[in-house]
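Reviewing the structure listed below.
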Amino acid sequence: MSKNKYLMVVAGMIMQLSIGSIYAYSKWIEPLSKELNWDAHDTKTAFSLAICFLGLTAAFMGKFAQKIGPTKAGSIGAIFIVIGLIGSSFAVKWSSIELFYLTFGVLQGIGLGFGYVVPVYTVVKWFPDRPGLASGIIIMSFALGSLLASFIINPLYTSVGLSNAFLILGIVYGICMLLSAFYLANPVVEKTSKEHPTVLTAKEIIKDKRFIALWLLLFLNVCGGIAIISKAAILGEEVVGMSATQATLFVAIIGLFNGLGRLFWSSISDKIGCWSTFMIFLTVNMICFALIPIVATNSTSFQIVTYIIIAGYGAGFSTMPSFVKSIYGADNYGQVFGYILTAWSTAAFVGPILLGLTHEITIFYLFSLLIGIALLVGFWLKKML
């Protein structure tokens, strides 16, 4: 059956929207703390575990996912998401934070990994002339999933209870992912050459200085942004005194800018190149992180600067796939990109830990410094291109 490439985009977006709710995790922290007396710092560990296993799955199962095809791989992701969220429901009912780490963190994280890479790998192949825009649209949907979830979570657990909220979301997201997986397929490509492509081994990839530079670029860009996302609602309330309703809106708008930043910067990368795009948004973010302690006394200024940072944070994810493809080619793209996503896994722990070092708002100067180091890494990478 012939498939439409634009419907392929829709299918990929649905899968990413389903898994993007993980970025609205800060909305779970307060109810988990109030109902179960779980410490906010301890509950953040579940979020870090989920992102960690997302990256690890993308790295070590990416090749397997490509081998079995998007339908089977996407279905595996859906199954793990369902098991993870339904398991989280029982963890909440039994008040077991250890089970919550396993289900919400590890098992759901594996599902997130499959659900993240499958649409990106697949849809980009349908748009070889606009890889940046294609990956941007798909990865934008991941961020918009958090926007949707931020409005759903509070009313849902208020009306049906915390345990049932996880149960319902698990079933709904699982159905959406399965429907998406059943449509996703690789394009049929006619072979024009009998030459075998040069496929790099894992050892060759990891030792490559270009890979190291790309990994560091993503890691350093992610640290600050994911620290904000992991604690967005609490930051809004504690730093500028937002109400619970205002904090919910703050989280939602963060999700919106995360998505728009991915689409905007990936489109720019198709025109001016990935390296130039990275250097521009890294410079902008370095300045904005340094501004946060200065503008923190003004709610509007604090929010504007935060939204700009999150747009640049999202830009790293949407620009990286075409960056990798431009350097390593289509044959090595999937495997290299999977390994690079381990930078996301690492930053998921490092970023929140750094933010928790002190309650002083001056901690954001540290994140500005990290982005400054990323710019130096960018110039190092430029010499190798």
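The values are calculated or read from the model by the stated rules, or taken from the named source; none is laboratory data. As the structure is a prediction and not an experimental result, all values here were calculated from the model. Every residue, glycine among them, receives a Cβ derived from its backbone with ideal geometry; neighbour counts consider all protein chains shown.
Is it the case that the range 91-101 has a residue that's assigned to a helix (DSSP H, G or I), at pLDDT below 90 and either surrounded by fewer than 23 Cβ atoms within 10 Å (Cβ to Cβ) or of a type in the set (Phe, Trp, Tyr) (or both)? There is no residue in the range 91-101 that is assigned to a helix (DSSP H, G or I), at pLDDT below 90 and either surrounded by fewer than 23 Cβ atoms within 10 Å (Cβ to Cβ) or of a type in the set (Phe, Trp, Tyr) (or both). Please determine, by comparing only the residues of the range 1-45 that are aromatic (Phe, Trp, Tyr) and surrounded by 22 or more Cβ atoms within 10 Å (Cβ to Cβ), which one is modelled with the lowest pLDDT. It comes out as 23. Residues in the range 233-247 that are closer than 18 Å to residue 144 by Cα and either acidic (Asp, Glu) or under 15 Å from the mean Cα position of the chain (by Cα) (or both): none. Consider the range 214-241 and keep the residues that are touching a Phe, Trp or Tyr at 6+ places or on another chain (Cβ under 6 Å) and not hydroxyl-bearing (Ser, Thr, Tyr). The one that is farthest from residue 39 (Cα to Cα) is 222.
Taking the criterion of being aromatic (Phe, Trp, Tyr), farther than 14 Å from residue 116 by Cβ and in contact (Cβ under 8 Å) with a residue 12 or more places away in the chain, the only residue of the range 45-82 that qualifies is 47. Determine which single condition residue 150 fails, assuming it passes every other condition in (1) farther than 30 Å from residue 372 by Cβ; (2) modelled with pLDDT of 85 or more; (3) surrounded by 16 or more Cβ atoms within 10 Å (Cβ to Cβ); (4) in contact with a Ser or Thr (Cβ under 9 Å, 6 or more places away or on another chain). Going through (1) farther than 30 Å from residue 372 by Cβ; (2) modelled with pLDDT of 85 or more; (3) surrounded by 16 or more Cβ atoms within 10 Å (Cβ to Cβ); (4) in contact with a Ser or Thr (Cβ under 9 Å, 6 or more places away or on another chain) one by one, residue 150 breaks only (2). When residue 236 is tested against (1) surrounded by fewer than 18 Cβ atoms within 10 Å (Cβ to Cβ); (2) at pLDDT 85 or above; (3) not basic (Lys, Arg), only condition (1) is not met.
I'd like to know if the range 350-366 contains one or more residues that are small (Gly, Ala, Ser), under 25 Å from residue 205 (Cβ atoms) and out of contact with any Ser or Thr (no Cβ under 9 Å at 6 or more places or on another chain). No, that holds for no residue.
Okay, residues lined up against (1) closer than 24 Å to residue 14 by Cβ; (2) in contact with a helix residue (DSSP H, G or I) (Cβ under 7 Å, 6 or more places away or on another chain); (3) outside any helix (DSSP H, G or I):
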residue: 158; (1), (2), (3): no, no, no
residue: 163; (1), (2), (3): no, yes, no
residue: 166; (1), (2), (3): yes, yes, no
residue: 174; (1), (2), (3): yes, yes, no
residue: 181; (1), (2), (3): yes, yes, no
residue: 210; (1), (2), (3): no, yes, no
residue: 220; (1), (2), (3): no, yes, no
residue: 238; (1), (2), (3): no, no, no
residue: 242; (1), (2), (3): no, yes, yes
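Taken together, the criteria exclude residue 318 from residues that are polar (S, T, N, Q), assigned to a helix (DSSP H, G or I) and farther than 26 Å from residue 270 by Cα.
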